[in-house]
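The block underneath contains the structure these notes are about, expressed in structure tokens.
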Amino acid sequence: MKKIIFTTLLSLVLVKVLAQGPPITADKPIMLGGNSFTTKTLAEIRNNDRGTAVYVPVMLHYLPTSNSLIALHLPYLNYDLDDAGSGSTLADIKVQGKYQFFRKDGTGRTWRMVAKTIQTLPTGKELDLLELSTGEYQGYYGIVSGLETLKYGISTEIGYNWAPDGNQDEFRAKFGVGLPLLKPQYPNKQLNLYFEYTSSWLTDRDWYQLLYAQGIQYALKTVTFDLAVQLPLIKDIPENRALNYSVFLGTRYTF
């Protein structure tokens with residue numbers, strides 16, 4: 001009986017605590033309960049030899065069920081680029097969908113996998129800012145998996161971005177590790193470190209980048225705050241397109 005009670009309580013802790021700390025530049029398959037909403041933003045300040053772009057999306061995520069998600073991302077963009085001038089505009093709107101097709105829970109851990117798609121609408125200017133503003137339709141299709149325990153979290157993603165009218169076809173892979181600095185507690189209170197890698201190969205252009213992001217996240221009840229700095233480890237790409245650095249600032253609220 002004691003074992004049953006302990007397992008039940010630990011499962012509740014997993015649902016309440018682990019579900020609150022998604023990665024910053026990566027993704028995770030953990031979902032909250034059905035019929036829940038999350039509003040969030042993850043602003044990116046991106047700099048390369050062309051100039052600087054500031055991308056601020058307003059995102060609304062809705063879970064119709066505990067294993068499905070639909071989302072709408074409405075992005076604002078401010079840019080100052082050598083070859084495109086400067087200005088402020090609407091970037092490419094994104095519609096996202098997820099479906100969790102695998103879940104295995106254990107004592108103090110959970111392993112899940114989801115199918116994911118992002119449909120990028122050509123509402124932005126043709127600035128050739130990859131994933132931000134290209135002015136071309138794109139469809140991304142991938143698989144996200146994640147293992148979370150009370151001591152650490154591991155997330156992976158692999159997918160392909162298809163751009164039928166342009167040359168932004170991309171094979172993308174991500175890997176992230178999250179380490180909590182505080183003991184699990186309820187109500188939820190977390191301080192997490194994230195170590196995240198992004199591998200990006202633009203197949204049409206034969207460009208390749210390997211990026212590393214170091215992030216920190218503070219979560220309190222249903223609110224989280226994110227900060228991360230992303231730097232290139234490998235840059236097999238023209239200098240005026242290669243990333244110098246990106247800074248990410250984000251917050252989210254679940255209700």
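The values are calculated or read from the model by the stated rules, or taken from the named source; none is laboratory data. Everything numeric here is computed off the predicted structure, so don't read it as measured data. When we count neighbours, we look across all protein chains shown, and the Cβ atoms used for this are built from the backbone with ideal geometry, even at glycine. For the accessible areas, the whole protein counts, side chains as well, though only heavy atoms, and no ligand, DNA or RNA atoms are used. Shrake-Rupley method; radii C 1.70, N 1.55, O 1.52, S 1.80 Å.
Taking the chain as a Gaussian network of alpha-carbon nodes connected by springs under 10 Å, the highest mean-square fluctuation of the residues F102, F37, F225 belongs to F102.
Relative to the longest principal axis of the Cα atoms of the chain, the long axis of helix 2-17 makes an angle of roughly 20 degrees.
When the chain is treated as a GNM with alpha-carbon contacts under 10 Å, the residue of P75, P22, P122 showing the greatest mean-square fluctuation is P122.
About its Cα centre, the chain has a charge dipole of approximately 1980 debye under the convention of +1 per Lys or Arg Cβ and -1 per Asp or Glu Cβ, with nothing else charged.
Beyond 28 Å between alpha-carbons counts as too far, so tell me which of K104/K151; K104/K235; K98/K183; K104/K183; K125/K221; K98/K174 fall in that bin.
Numbers: K104/K151 17 Å; K104/K235 38 Å; K98/K183 30 Å; K104/K183 23 Å; K125/K221 38 Å; K98/K174 17 Å.
Violating the 28 Å Cα-Cα cut-off are K104/K235; K98/K183; K125/K221.
Surface exposure of the chain, expressed per residue as accessible area with a 1.4 Å probe, stands at 49 Å². With a Förster radius of 25 Å applied to the C-beta separation of D80 and A242, the computed FRET efficiency comes to 0.90. Here's the picture: charge each Lys and Arg Cβ at +1 and each Asp and Glu Cβ at -1 in the chain, and of P164, T25, S246 the one pushed furthest to the positive end of that dipole is T25. Taking the chain as a Gaussian network, where each spring joins two C-alpha atoms under 10 Å apart, which residue of K28, K183, K94 fluctuates the most? Per the Cα network of the chain with a 10 Å cutoff, K183 tops the list. Can you tell me, using C-alpha contacts under 8 Å and at least 6 residues apart, the relative contact order of the stretch 128-202 as a whole percent? Value for the stretch 128-202: 24 percent. Summarising the label geometry, the points placed 7 Å from Cα in the beta-carbon direction at K151 and L231 lie 2.9 nm from one another.
Taking R0 as 22 Å, what FRET efficiency do you get between V95 and A173 from their Cβ-Cβ distance, rounded to the nearest 0.05? Please report the intermediate quantities before stating the final value.
Details: r = 23 Å, r/R0 = 1.03.
Efficiency computed from Cβ-Cβ geometry: 0.45.
Going by the alpha-carbon gyration tensor, a ≥ b ≥ c the square roots of its eigenvalues, is the stretch 111-255 rounded (a/c under 1.5) or, if a/c is not under 1.5, prolate (a/b greater than b/c) versus oblate? Intermediate values should be presented prior to the final figure.
On the way: a/c = 1.95, a/b = 1.80, b/c = 1.09.
Here the stretch 111-255 falls in the prolate category.
Computed from phi, the 3J(HN,Hα) profile of the stretch 179-193 under the Karplus parametrisation 6.51, -1.76, 1.60 (θ = phi - 60°) reads 10, x, 9, 10, 5, x, 8, 9, x, 4, 8, 9, 10, 10, 9 Hz, with x in place of Gly and Pro.
Of the residues Q138, Y194, Y212, the one whose Cα sits farthest toward the positive end of the charge dipole of the chain, with +1 on the Cβ of Lys and Arg and -1 on the Cβ of Asp and Glu, is Y194. Tally Lys and Arg at +1 and Asp and Glu at -1 over the other residues with C-beta under 12 Å from the C-beta of S88: what net charge comes out? My count for the surroundings of S88 gives 0.
Taking every DSSP bridge with both residues inside the chain, close to 100 percent are antiparallel.
Per residue of the chain, what 222 nm ellipticity follows from adding -39500 (n - 2.57) for every DSSP H run with n ≥ 4, rounded to the nearest 500?
Values: 1 runs with 16 residues, N = 255.
Estimated from H runs of four or more residues: -2000 deg cm²/dmol.
Each peptide among 229-239, 39-49 gets the average number of other Cβ atoms lying within 10 Å of its residues, and from highest to lowest they stand as 39-49, 229-239.
Based on C-alpha pairs under 8 angstrom that are at least 6 apart in sequence, the chain has a relative contact order of 18 percent. From the coordinates of this entry, percent of Cα pairs over 35 Å apart is computed, and it appears in (i) 55; (ii) 15; (iii) 29 under the label (ii).
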